[in-house]
Structures are given as C-alpha cells and as structure tokens.
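The values are calculated or read from the model by the stated rules, or taken from the named source; none is laboratory data. All of these numbers come straight from a predicted model, not from anything done at the bench. FYI the Cβ positions are ideal-geometry reconstructions off the backbone, even for glycines, and counts take in every protein chain you see. Calculation scope for accessible area: heavy atoms of the full protein, side chains included, ligands and nucleic acids excluded. Shrake-Rupley method; radii C 1.70, N 1.55, O 1.52, S 1.80 Å.
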Amino acid sequence: MKEVMIDGVRYVPDPTYADEVRFYYMHDNHAFSKLTGDTLEEVLDSAYAMAKESRCGMLCAPMLLAGGKEVRRLNGVAHAPCGSDDSKWLAGIAEWRKECEADSDVVRLMRVTN
C-alpha cells in the first residue's frame, strides 16, 4: 500500500504491518521444515510429528512477514527432547502457544492466510 493524502494529511502505511505468518521446525542438522495448518493446533501437530521423527530439534519462533519480508518475530521457541525427558519440550510448547495466542497478528493471520 502506498502513502495517500486525505484533506491535506499524509497517511503512510505501517511498515511492520504483517500480512503473513510462517512457522518452522529446525532439525538437529539446522535444516528447516515449514509447518502448515489452519490452526495453531494443526501447526503443533506438525511440530510433534517432526520432533518424533528426528527427536532433536526446535520449534522456531513464528515469523511475521509483510510483502514476503520479515518484519518481526516472536520470542517463543520449544526444544524437542533429545532424550526421554519431554518436560522441557512440553513447557516450551505451552509458552510458545501462549505467546502466539496473545499476539493479535498471529491470531488474525491464522484466520486469513491459512
């Protein structure tokens, strides 16, 4: 969207206004897999499947993009268990989900783009 003039006032679009959200899982060899889903639950189901397959890895912080370029990233990540203890993974997932649900852009874009 370009800037516009209305009644002598110049309106400039917010450069951080996100129009897309992306989710990724990073495998232990630093290869990334894009996670898809219409809801956070579906995205997390994809992450669980990736973690089960590779055991070690990380659910990355969601990225918010505008025009295909990253404008900001949330902080939450969840490290998949490399051993048998799932407690850190589950705690990380809970924090990741809480942060996503608290971000109005993620909630809005999950409804629109996925």
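General observations
- Pairing each residue of region 61-81 that is more than 15 Å from Val43 (Cα to Cα) and open to solvent by 30 Å² or more (accessible area, probe 1.4 Å) with any residue that is in a strand (DSSP E or B) and charged (D, E, K, R), provided the two are 6+ apart or on different chains, yields no C-beta distance under 6 Å.
- Output for region 7-52, where each listed residue is among the small types (Gly, Ala, Ser) and surrounded by 15 or more Cβ atoms within 10 Å (Cβ to Cβ): Ala18, Ser33, Gly37, Ser46, Ala47, Ala51
- In this entry, Lys2 passes the filter for residues that are of a type in the set (Lys, Arg), free of Cβ contacts under 8 Å to residues at least 12 places away in the same chain and open to solvent by 30 Å² or more (accessible area, probe 1.4 Å).
- The single condition among (1) closer than 17 Å to Cys100 by Cβ; (2) touching a residue at least 40 places away in the same chain (Cβ under 8 Å); (3) hydroxyl-bearing (Ser, Thr, Tyr) that Tyr17 does not meet is (1).
- Enumeration of residues in region 51-78 that are at pLDDT 90 or above and over 18 Å from Leu109 (Cα atoms): Gly57, Met58, Leu59, Val77, Ala78
- Of the helices (runs of 4 or more DSSP H) contained entirely in region 12-114, those carrying at least 1 residues that are farther than 30 Å from Lys2 by Cβ fall at 40-54, 87-102.
- Hits in region 83-101 - residues which are open to solvent by 90 Å² or more (accessible area, probe 1.4 Å) and farther than 13 Å from Ala47 by Cβ: Ser84, Asp85, Lys88, Glu95, Lys98, Glu101
- Within region 102-114, considering residues that are of a type outside the set (S, T, N, Q) and loosely packed, with under 12 Cβ neighbours inside 10 Å, the one nearest to Thr39 (Cα to Cα): Arg111
- Look at region 21-33: where a residue is farther than 16 Å from Glu53 by Cβ and of a type in the set (A, V, I, L, M, F, W, C) and a partner is open to solvent by less than 50 Å² (accessible area, probe 1.4 Å) and assigned to a strand (DSSP E or B), sitting 6+ places away or on another chain with Cβ atoms under 9 Å, you get Val21/Met63; Val21/Leu64; Val21/Leu65; Phe23/Leu35; Phe23/Leu59; Phe23/Met63.
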